[in-house]
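The values are calculated or read from the model by the stated rules, or taken from the named source; none is laboratory data. As the structure is a computational prediction, the values presented were derived from the model and not from experiment. So basically every Cβ, Gly included, is an ideal-geometry build from the backbone, and we count neighbours across all protein chains shown.
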Amino acid sequence: MDFDKLMQELPAHVQDLFERGRIASYIPALARVPAHKFGMTLCRLDGSSHRVGDSEERFSIQSISKVFSLSLAMGLVGDALWRRVGREPSGNRFNSLVQLEYERGIPRNPFINAGALVVCDVLQSQLGDPKRALRDYLRLLSGSQDIDFDAEVARSEAETGFINRALANFLKGHDNLHNDVDAVLDLYFHQCALALSCSELARATLHLANRGVAPHLQEAVLTAPQVKRINALMLTCGTYDAVGEFAFRVGLPAKSGVGGGICAVLPGEYAVTVWSPGLDPSGNSLAGGAALEFLTAVTGKSVF
């Protein structure tokens, strides 16, 4: 497969979708991102990298960060994490208070907001400086030492995160948040405000296609069983309440964010990240999902 040629052909197949998606305007700092932005990078295990468009421009990774906070938490507390958060698709909006109340403070999975807050609480308990640890983890995995939080996005998240505050307080009320609510929320808002490019994110997730071994480090950052679990959660819970449709169309474990990014892996072959800010009704990048569908259709390869 000529991946360079495929990448150059790809924008023409999705450009009509750039203006049809809806920007995440409820976070003011994201509302100003131009809708026409599009970038994509595919990193293969053999060391080759293939990119197109705005692949080197950093963007707010938002909920994609939950993959990395979950990885850290799993390494710190192991299976004890699953006593506090489930492993099932939500079937509801990623910030549903109704579902959390129905399930008495046990979030359905670690990729919905309530579940990610529990993961942040674990990191708050286990690490002296969890924000720095998470940032440095992304620096290590991506190979980019200047990755950082976007202060404007973090501030915007904090100023408008009323539902997340409600979720955190509800978790606290059910004794599923052990630390100070404001401290946990500060970590959560900052992790969502991490800014990476498509190329940096593709490199950062490449170990998930390689049984936990980061090729540029030549060492395991996760065990093979941990990677199996994370990829399973990405496939079944990673694209909000549209996971079934995404699996049907794309067929790759993936995690999306309302900043317009989607990272995905084909185990044994590659990691890929696409960025296009316009979102579909579920909060996934409209053009990004179509680009990944085109990729798996043309190559004829997916996890299925």
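Which condition number does L177 fail, the rest of (1) within 18 Å of the chain's Cα centre (by Cα); (2) surrounded by 23 or more Cβ atoms within 10 Å (Cβ to Cβ) being met?
Single failed check for L177: (1).
Do the conditions hold for A254, that is, is it buried (at least 24 other Cβ atoms within 10 Å of the Cβ), aliphatic (A, V, I, L, M), under 24 Å from R32 (Cβ atoms) and touching a residue at least 12 places away in the same chain (Cβ under 8 Å)?
Spelling it out, it is not the case that A254 is buried (at least 24 other Cβ atoms within 10 Å of the Cβ), aliphatic (A, V, I, L, M), under 24 Å from R32 (Cβ atoms) and touching a residue at least 12 places away in the same chain (Cβ under 8 Å).
So which residues in the range 175-201 are among the hydrophobic types (A, V, I, L, M, F, W, C), in contact with a helix residue (DSSP H, G or I) (Cβ under 9 Å, 6 or more places away or on another chain) and under 28 Å from W275 (Cα atoms), if there are any at all?
Scanning the range 175-201 gives V184, L185, L187, F189, C192, A193, L194, A195, L196, L201.
Select from the range 259-304 the residues that are at pLDDT below 95 and buried (at least 24 other Cβ atoms within 10 Å of the Cβ) and list them in ascending order.
Of everything in the range 259-304, nothing turns out to be at pLDDT below 95 and buried (at least 24 other Cβ atoms within 10 Å of the Cβ).
One line per residue, one yes/no per condition, for (1) among the polar types (S, T, N, Q); (2) part of a loop (DSSP other than H, G, I, E, B):
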residue	(1), (2)
R211	no, yes
A232	no, no
L235	no, no
F246	no, no
C263	no, no
V274	no, no
S282	yes, yes
E293	no, no
K301	no, yes
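Please specify each residue of the range 45-77 satisfying the condition of being hydroxyl-bearing (S, T, Y) and within 18 Å of N95 (Cβ to Cβ).
First pass over the range 45-77, keeping only residues hydroxyl-bearing (S, T, Y): 48-49, 55, 60, 63, 65, 69, 71.
Across the range 45-77, the qualifying residues are S60, S63, S65, S69.
Kindly provide the set of residues from the range 250-304 that are of a type in the set (F, W, Y) and in contact with a strand residue (DSSP E or B) (Cβ under 9 Å, 6 or more places away or on another chain), ordered by number.
Residues of the range 250-304 of a type in the set (F, W, Y): 270, 275, 294, 304.
Y270, W275 - these are the residues of the range 250-304 that are of a type in the set (F, W, Y) and in contact with a strand residue (DSSP E or B) (Cβ under 9 Å, 6 or more places away or on another chain).
Going by the conditions given, is A31 surrounded by fewer than 15 Cβ atoms within 10 Å (Cβ to Cβ), within 19 Å of T296 (Cα to Cα) and without any contact (Cβ under 8 Å) to a residue 12 or more places away in the chain?
no
With respect to D121, determine if the residue is within 17 Å of the chain's Cα centre (by Cα), among the acidic types (D, E) and either crowded, with 23+ Cβ neighbours inside 10 Å or not in a loop (DSSP other than H, G, I, E, B) (or both).
no
Test of understanding: among E157, E88, which residue is modelled with pLDDT under 95, assigned to a helix (DSSP H, G or I) and either within 18 Å of the chain's Cα centre (by Cα) or surrounded by fewer than 21 Cβ atoms within 10 Å (Cβ to Cβ) (or both)?
Details: E88 fails: assigned to a helix (DSSP H, G or I).
None of the other options fit; the residue is E157.
Among the residues of the range 187-202, is any of a type in the set (A, V, I, L, M) and closer than 15 Å to A114 by Cα?
yes
Give the range 70-93 a look and list any residue that's of a type outside the set (A, V, I, L, M) and closer than 15 Å to V119 by Cα, or say none. Walk me through it before giving the result.
Filtering the range 70-93 down to residues of a type outside the set (A, V, I, L, M) leaves 71, 75, 78-79, 82-84, 86-93.
Passing the criteria: S71, G75, G78, D79, W82, R83, R84, G86, R87.
Residues checked against (1) more than 15 Å from G288 (Cα to Cα); (2) of a type outside the set (K, R); (3) touching a helix residue (DSSP H, G or I) at 6+ places or on another chain (Cβ under 9 Å):
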position: L10; (1), (2), (3): no, yes, yes
position: R22; (1), (2), (3): no, no, yes
position: Y26; (1), (2), (3): yes, yes, yes
position: E57; (1), (2), (3): yes, yes, yes
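Kindly provide the set of residues from the range 160-175 that are charged (D, E, K, R) and either without any contact (Cβ under 8 Å) to a residue 40 or more places away in the chain or assigned to a helix (DSSP H, G or I) (or both), ordered by number.
R165, K172 - these are the residues of the range 160-175 that are charged (D, E, K, R) and either without any contact (Cβ under 8 Å) to a residue 40 or more places away in the chain or assigned to a helix (DSSP H, G or I) (or both).
Within the range 40-50, does at least one residue satisfy the condition of being outside any helix (DSSP H, G or I), in contact (Cβ under 8 Å) with a residue 40 or more places away in the chain and on the phi > 0 side of the Ramachandran plot?
Looking through the range 40-50, at least one residue is outside any helix (DSSP H, G or I), in contact (Cβ under 8 Å) with a residue 40 or more places away in the chain and on the phi > 0 side of the Ramachandran plot.
Can you tell me which residues in the range 33-47 are more than 19 Å from L10 (Cβ to Cβ) and either touching a strand residue (DSSP E or B) at 6+ places or on another chain (Cβ under 8 Å) or basic (K, R) (or both)?
Hits for the range 33-47 are V33, L45.
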